[in-house]
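The values are calculated or read from the model by the stated rules, or taken from the named source; none is laboratory data. Predicted model, so just to flag it, every value in this text is computed and none were measured. Note that we place each Cβ from the backbone using ideal geometry, even for glycine, and neighbour counts take in every protein chain shown. For the accessible areas, the whole protein counts, side chains as well, though only heavy atoms, and no ligand, DNA or RNA atoms are used. Shrake-Rupley method; radii C 1.70, N 1.55, O 1.52, S 1.80 Å.
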Amino acid sequence: MLTKRIIPCLDVKNGKVVKGINFVGIKEVGDPVECAAMYQEQGADEIVFLDITATHEGRGTILDIVEKTAKKVFVPLTVGGGINTIEDVKNTLRAGADKVSINSAAVKNPDFIKQAADQFGTQCVVVAIDVKRVDGHFHVVVHGGRIDTGLNAIEWAKQAVALGAGEILLTSMDTDGTKNGFDHELLNAVCQQVQVPVIASGGCGTLEHFSQVFEQTPADAALAASLFHYRELTVGQVKQHLNQHQISVRLSR
């Protein structure tokens, strides 16, 4: 059985880790390099950096922070935000990222997924999909949730995988930051339609939410931010809980 992954997410703004609710009400919570090192020590399987205002502000991603982190952290590092061109992908991977996460740029130009996958390999390409319910339908939203594209999220996930996405990072805007649990309905709908790993994101607030998402959906990984940042739980505590629920995880020695 493949082990399930626990992935802390570091939302970065102006060089600091921040967290909000439903993508707004942003608060600073720490230094990204120090946070990443702490999560590695706790047993994180991977770490995600998202420069949450890079796309909205029309600038590149946080390469200096990526370089500093890659020198200190040796678990896989995924970086997203402001990655709009093949040159951006190359520079981000060269700075030390193992994968890039593309979101708004992929929606704007779906062929970007294929270009990146062809040049760097599908294993390097994560397509992040932010989803909001609109009149009972799952819509793709972009630019940090500011713009509703009208795209059907399930169809977009299928298209992204067909173009070369090696993984889907699926965030529910409806649950993000609420700590009421992951969006199982959305996860099941997408997981049933794609054959690549899907990372559950948005809404985790308790140990039980982690076990429930793996027991009730086929998600391959669970991503969380605020409950780790505010020291409510450690990655190690989450993994011990999952182990007790007979959910396969990589335990630290």
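Of the listed requirements (1) open to solvent by 50 Å² or more (accessible area, probe 1.4 Å); (2) farther than 22 Å from residue 78 by Cβ; (3) not aromatic (Phe, Trp, Tyr), residue 250 misses just one: (2). For segment 177-195, the set of residues classified as buried (at least 24 other Cβ atoms within 10 Å of the Cβ) and either more than 17 Å from the chain's Cα centre (by Cα) or assigned to a loop (DSSP other than H, G, I, E, B) (or both) consists of 182, 183, listed by residue number.
Considering segment 20-57, the residues that are under 14 Å from the mean Cα position of the chain (by Cα) and modelled with pLDDT under 75 include one that is nearest to residue 126 (Cα to Cα), namely 52. The set of residues from segment 103-124 being without any contact (Cβ under 8 Å) to a residue 40 or more places away in the chain and either open to solvent by less than 40 Å² (accessible area, probe 1.4 Å) or among the hydroxyl-bearing types (Ser, Thr, Tyr) (or both) comprises just one member, 112. I'd like to check something: does segment 146-160 contain any residue that is more than 17 Å from residue 7 (Cα to Cα), surrounded by fewer than 21 Cβ atoms within 10 Å (Cβ to Cβ) and hydroxyl-bearing (Ser, Thr, Tyr)? Yes - at least one qualifying residue is present in segment 146-160. Being in contact with a Ser or Thr (Cβ under 8 Å, 6 or more places away or on another chain), crowded, with 22+ Cβ neighbours inside 10 Å, within 21 Å of residue 32 (Cβ to Cβ) and at pLDDT 95 or above is the requirement here; does residue 100 meet it? Judged against the criteria, residue 100 is a match. Screening segment 196-216 for residues that are among the small types (Gly, Ala, Ser) and in a loop (DSSP other than H, G, I, E, B) and picking the one that is farthest from residue 125 (Cα to Cα) gives 205. Within segment 209-228, does at least one residue satisfy the condition of being surrounded by fewer than 18 Cβ atoms within 10 Å (Cβ to Cβ) and either under 17 Å from the mean Cα position of the chain (by Cα) or under 14 Å from residue 154 (Cα atoms) (or both)? So far as segment 209-228 goes, yes, one or more of its residues are surrounded by fewer than 18 Cβ atoms within 10 Å (Cβ to Cβ) and either under 17 Å from the mean Cα position of the chain (by Cα) or under 14 Å from residue 154 (Cα atoms) (or both).
Restricting attention to segment 129-145, the residues being crowded, with 18+ Cβ neighbours inside 10 Å, assigned to a strand (DSSP E or B) and not charged (D, E, K, R) number 7. Does residue 169 satisfy the criteria of being part of a strand (DSSP E or B) and crowded, with 18+ Cβ neighbours inside 10 Å? Here the answer is yes, as residue 169 does meet what is asked.
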